[in-house]
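Trainee: Here it is, the structure in full.
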Amino acid sequence: MRDLSRYFDFNATTPMLEPAEKMWIEATRSLWHNPSSLYAEAGYAKQRLEDAREDLAEVLSIDEPERIVFTSGATEANNAVIRHFSETTEGRLAVSAIEHPCVEASSMKYFGPERLFIIPADPDTGVVDVDLLRKEVATGTVEAVSVMAANNETGTLQPWPEISTLCRENGIPFHCDAAQWVGKMPLEGLGKCNWLTASGHKFGGGKGVGFLLVPEEETGFHASVGGPQEDGRRAGTESVAAVIAMVEALEFVVDEWLSTSAEDGRNAFEDAVARSLDARVIGAGGSRLWNTSMILLPHGKNLKWLTRLGQRGFAVSTGSACSAGRGNPSKVMAAMGLDFDEMGRVLRLSGGWKTSVEDWLALAGALEEVSAELRG
Ligand code: PLP
């Protein structure tokens, strides 16, 4: 059993869950044939891949397993969708100011600044401004929309069901990057998004694997070309073992954990650091993922805190906030109203399903010690 009691970087990645690991080892050994080959063993590997697609469709409550394209993760899928939008529309893409860099950079690359409408987020709640999006959509110049489900830095939850409805009513394709949502939050309704991205390693499903939902009627989408795999929508030999393990992990999370509430630890942590450190929680005004806390430290550079916490066995993150106030200012942090100096004082703490209240309070205690140490 791994000891994850001091691991507070679950939003960066998670270890493979045991049932998934078991499936992965078994499938790596027994399903190594190329699913595109024509002999019986290959046919069996292909069958298992298609079984996994059907199982995943069931978990997501979608009637069309063929909407699922297995990918290498969220970055590949997000890039491919944004590129597809740029090739199939002439108007603008509306994209939120708090997207993961893989959406932000691909939007910039494939649309360019003049074809983008950046939807701002409220600095208190971290929620994107749907009214503004609605007004922009009413001008008729927005031809595609991309808004994430939950923010990877602050954990803020976005109104994707409302945006999905708005887009549907206006006949506009909607893409939702749900990499941080899937595995932490209920899956109901996600399948209604035309395009949806998720990543296996964010929920114990292993690295280098993810999935993308494409609209049922879509025929021209290609994440890559040069092979018939994934119904011609993503060329490249499939990793059957990785896909099977990922689906197993998601099924496990849904069956065992999703109906439980795990936010007590994170909330106790935030109460403790508010008292002892006077640390401000970013995005606290809105709903957030139950496992995430992004705090603005009262003094010192975040890298110093991270190093000293590391010496005590705690793994934490500065998120994409520029570490110690150096490097490029984080667009997400700027959208949350932080200035350059504040960006260098931010830490992101993200726990897992099994992180206990005691684990969170131990982290709060370590932060208090580090604060005293840094103050000298
Ligand atoms: N989108 C979000 C919201 C993420 O948090 C991440 C990973 O941090 C990604 C996309 C990229 O995912 P992957 O590592 O699967 O490429």
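Trainee: Once ligands and nucleic acids are excluded and a 1.4 Å probe is used, how much of Thr237 is accessible, expressed in Å² to the nearest 10?
Mentor: 90
Trainee: How many nm separate the modelled label positions at Glu26 and Asn328, each set 7 Å beyond the Cα in the direction of the Cβ?
Mentor: Those two pseudo-labels are separated by 4.4 nm.
Trainee: Additional query: Might you report the magnitude of the Cβ-based charge dipole of the chain about its Cα centre, with Lys and Arg at +1 and Asp and Glu at -1, to the nearest 20 debye?
Mentor: The calculated dipole for the chain is roughly 1340 debye.
Trainee: Residue by residue through region 174-189, which ³J(HN,Hα) values in whole Hz follow from phi under the Karplus form 6.51 cos²θ - 1.76 cosθ + 1.60 (θ = phi - 60°), with glycine and proline marked x?
Mentor: Working through the residues one at a time gives 10, 10, 10, 7, 9, 4, 8, 7, 5, x, 10, 10, x, 8, 3, x Hz.
Trainee: Related question: Taking all protein chains in place and a 1.4 Å probe, what share, in percent, of the accessible surface of region 18-256 do carbon and sulfur account for?
Mentor: 51
Trainee: Using 0.36 nm per residue, how much length does the chain from His299 to Ala268 gain when fully extended, once their Cα-Cα distance is taken away?
Mentor: On the way: separation 31, 0.36 × 31 = 11.16 nm, distance 2.18 nm.
Length difference between fully extended and current span is 9.0 nm.
Trainee: Sticking with this one: Taking 0.36 nm per residue of separation and subtracting the Cα-Cα distance, what length does fully extending Leu374 through Gln47 add?
Mentor: Details: separation 327, 0.36 × 327 = 117.72 nm, distance 5.80 nm.
Result: 111.9 nm gained on full extension.
Trainee: Between Gly344, Ala274, Thr14, whose Cα lies farthest towards the positive end of the dipole of the chain when Lys and Arg beta carbons carry +1 and Asp and Glu beta carbons carry -1, centred on the Cα centre?
Mentor: Gly344
Trainee: Any idea how far apart Ser356 and Glu217 come out in nm if each label point goes 7 Å out from Cα toward Cβ?
Mentor: Here the answer is 5.4 nm between the modelled labels.
Trainee: Over region 130-245, average the accessible area per residue using a 1.4 Å probe and give it in Å², no decimals.
Mentor: About 34 Å² of surface per residue is accessible.
Trainee: As a quick test, which of the pairs Lys46/Lys354; Lys202/Lys354; Lys207/Lys301 have an alpha carbon distance above 24 angstrom in this structure?
Mentor: Cα-Cα > 24 Å for Lys46/Lys354; Lys207/Lys301; rest within.
Trainee: Turning to a different aspect of this structure: So which helices of the chain fit the span-like rule, where a helix is a whole DSSP H run, its Cα atoms reach 20 Å or more along the axis, and its mean Kyte-Doolittle is at least 1.0? Let's see the in-between values first.
Mentor: On the way: long enough: 40-59 (28 Å, -0.92); 74-88 (21 Å, -0.47); 240-256 (24 Å, 1.60); 357-375 (27 Å, 0.35).
Going by DSSP H runs, the hits are 240-256.
Trainee: Check which residues have an amide H placed less than 5 Å from Gly204's amide H, if you skip close sequence neighbours.
Mentor: Hits under the 5 Å cutoff: Thr14.
Trainee: Could you give me the ³J(HN,Hα) list for region 91-100, computed from phi with Karplus coefficients 6.51, -1.76, 1.60 and θ = phi - 60°, whole Hz, x at Gly and Pro?
Mentor: Once rounded to whole Hz, the list reads x, 9, 9, 9, 9, 6, 6, 10, 5, 4.
Trainee: Using a 1.4 angstrom probe and counting only protein chains, how large is the accessible area of Ile163 in Å², to 10?
Mentor: Counting only protein heavy atoms, Ile163 exposes about 0 Å² to solvent.
Trainee: Let me ask something else about it. In terms of modelled amide H atoms, which long-range or inter-chain residues lie less than 5 Å from the amide H of Arg280?
Mentor: Result for Arg280 returns Leu296.
Trainee: Also, quick follow-up: How many Å² of accessible area per residue for region 264-375, probe 1.4 Å? Walk me through the numbers before you get to the answer.
Mentor: Working: 4520 Å² over 112 residues.
Accessible area per residue: 40 Å².
Trainee: Let me ask something else about it. Please work out the Cα center distance from region 41-110 to region 345-366, rounded to the nearest Å.
Mentor: With region 41-110 and region 345-366 each reduced to a Cα centre, they are spaced 32 Å.
Trainee: Could you tell me what percent of the accessible area of region 264-375 is made up of carbon and sulfur, with a 1.4 Å probe and every protein chain present?
Mentor: Of all accessible area on region 264-375, carbon and sulfur atoms account for 47 percent.
Trainee: Give me the one-decimal nm value for the distance between modelled label points at Ser36 and Ser259, 7 Å along each residue's Cα-to-Cβ direction.
Mentor: Taking the simple label geometry, Ser36 and Ser259 are separated by 4.3 nm.
Trainee: Now for a separate question. Dividing the Cα radius of gyration by the Kirkwood radius, what Rg/Rh value follows for the chain?
Mentor: Rounded to two decimals, Rg/Rh equals 0.98.
Trainee: Okay, moving on. Given H placed on each backbone N at 1.01 Å, which residues far from Gly210 in sequence or on other chains put an amide H within less than 5 Å of it?
Mentor: Sorted by chain and number, the residues that satisfy this are Thr71, Ser72, Gly73, Gly200.
Trainee: Can I ask one more? Hey, can you find the accessible area per residue of region 63-127 for me, probe 1.4 Å, expressed in square angstrom? Walk me through the numbers before you get to the answer.
Mentor: Working: 2590 Å² over 65 residues.
With all protein chains present, region 63-127 gives 40 Å² per residue.
The values are calculated or read from the model by the stated rules, or taken from the named source; none is laboratory data. Predicted model only: the values in this text are computed from it and were never measured. Don't worry about glycine lacking a Cβ; one is built from the backbone with ideal geometry, like all the others, and counts go over all protein chains shown. Quick note on the areas: whole protein, heavy atoms, side chains included, nothing else; ligands and nucleic acids left out. Shrake-Rupley method; radii C 1.70, N 1.55, O 1.52, S 1.80 Å.
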